[in-house]
Amino acid sequence: MPWIEPVTLEGSTVRLIPAELAHAEALHAACPSDTFAYFVTLQPQDSSLDAFRDYLSKRIQALNMVTFAVQNIETERFIGETAFMDIRPEARGLEIGLTWYAEDCRGTKVNPECKLLLLTHAFEECNALRVTLKTDARNLHSQAAIRKLGAHYEGTLRRHGIQPNGFIRDTAYFGITDLDWPEVKARIQSRLQSLKNAK
């Protein structure tokens, strides 16, 4: 039995559903045009629905990855994707990545709630020792979002990946361990409460 299995995770605002090809049209409609600017692998060949469907199929079929479609619970609208990847059962480690959200969901409680659901599942249901988060070193917005979670910056790997356009990128690495998790969990919960009170 795989260590990390596809499972539906539900919070107060979002539901993470194991991705299926049936989600392609709704996800394509929600996907901002700049989504894949920093992705190294697994991105559509162009902006068409057919290309997006092919990309989603590859994500679903990829070994060592569980892709989720992110759904707004109230409206049932699909608003993004995220994934467990680089799953290492022997070390009880994994990565959360390949995440994107619809433009109107950026800066809202969507990302912290998604991360809370994923991290809670990883640490409390699967007994993970470590969760990695990484991003293109140029993507300062993504780095800021990761730091807000309470993840520890662990360094930047230089000339670490090649994008489809040939750009050689540096990759910033962050980590959360099981020892960090209680503090990180409290921090995310506090942030979500602040966002709720602000409305």
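The values are calculated or read from the model by the stated rules, or taken from the named source; none is laboratory data. Given the structure is predicted, the values throughout are model-derived calculations rather than measurements. Cβ sites come from the backbone with ideal geometry, for glycine too, and all protein chains shown count toward neighbours.
Of all the criteria given as (1) crowded, with 18+ Cβ neighbours inside 10 Å; (2) more than 18 Å from the chain's Cα centre (by Cα), the one not satisfied by Ala51 is (1). Applying the set (1) surrounded by fewer than 19 Cβ atoms within 10 Å (Cβ to Cβ); (2) in contact with a strand residue (DSSP E or B) (Cβ under 7 Å, 6 or more places away or on another chain); (3) touching a residue at least 24 places away in the same chain (Cβ under 8 Å) to Tyr153 leaves exactly one unmet item: (3). Residue check: Pro164 meets all listed conditions (1) surrounded by fewer than 18 Cβ atoms within 10 Å (Cβ to Cβ); (2) more than 21 Å from Asn111 (Cα to Cα); (3) in contact (Cβ under 8 Å) with a residue 24 or more places away in the chain; (4) in contact with a strand residue (DSSP E or B) (Cβ under 6 Å, 6 or more places away or on another chain) but one, namely (4).
Just to be sure, is Leu140 touching a residue at least 60 places away in the same chain (Cβ under 8 Å), out of contact with any Cys (no Cβ under 9 Å at 6 or more places or on another chain) and not small (Gly, Ala, Ser)? Walk me through how you get there before you give the answer.
Values: touching a residue at least 60 places away in the same chain (Cβ under 8 Å): no; out of contact with any Cys (no Cβ under 9 Å at 6 or more places or on another chain): yes; not small (Gly, Ala, Ser): yes.
Criteria not met by Leu140.
Of these, Ala172, Ala186, which one is surrounded by 19 or more Cβ atoms within 10 Å (Cβ to Cβ) and among the small types (Gly, Ala, Ser)? It would help to see each step written out before you state the result.
Values: Ala186 fails: surrounded by 19 or more Cβ atoms within 10 Å (Cβ to Cβ).
So the residue among Ala172, Ala186 that is surrounded by 19 or more Cβ atoms within 10 Å (Cβ to Cβ) and among the small types (Gly, Ala, Ser) is Ala172.
How many residues are buried (at least 18 other Cβ atoms within 10 Å of the Cβ) and over 11 Å from Ile79 (Cβ atoms) if we restrict to segment 24-33? Residues in segment 24-33 being buried (at least 18 other Cβ atoms within 10 Å of the Cβ) and over 11 Å from Ile79 (Cβ atoms): 2 in total. Residue count for segment 87-108 under the criterion of being modelled with pLDDT of 95 or more, in a loop (DSSP other than H, G, I, E, B) and either touching a Pro at 6+ places or on another chain (Cβ under 6 Å) or closer than 19 Å to Val70 by Cα (or both): the result is 1.
Per the listing Ala102, Ala91, the residue uniquely in contact with a strand residue (DSSP E or B) (Cβ under 8 Å, 6 or more places away or on another chain), loosely packed, with under 14 Cβ neighbours inside 10 Å and under 27 Å from Ala137 (Cβ atoms) is Ala91.
Of all the residues in segment 146-199, those that are charged (D, E, K, R), farther than 14 Å from Tyr38 by Cβ and part of a strand (DSSP E or B) number 3.
Candidates in segment 121-138 are the residues that are part of a helix (DSSP H, G or I) and under 14 Å from the mean Cα position of the chain (by Cα); of these, the one that is farthest from Ile87 (Cα to Cα) is His121.
Taking first residues from segment 62-83 that are in a loop (DSSP other than H, G, I, E, B) and partners that are of a type in the set (D, E, K, R) and surrounded by 17 or more Cβ atoms within 10 Å (Cβ to Cβ), the Cβ contacts under 9 Å between residues at least 6 apart in sequence or on separate chains come to Ile73/Arg15; Glu76/Arg15.
Inside segment 118-145, residues that are within 21 Å of Gly11 (Cα to Cα) and modelled with pLDDT under 95 make up a count of 1. All told, Thr41 falls short of being within 27 Å of Ile168 (Cβ to Cβ), hydroxyl-bearing (Ser, Thr, Tyr) and crowded, with 20+ Cβ neighbours inside 10 Å.
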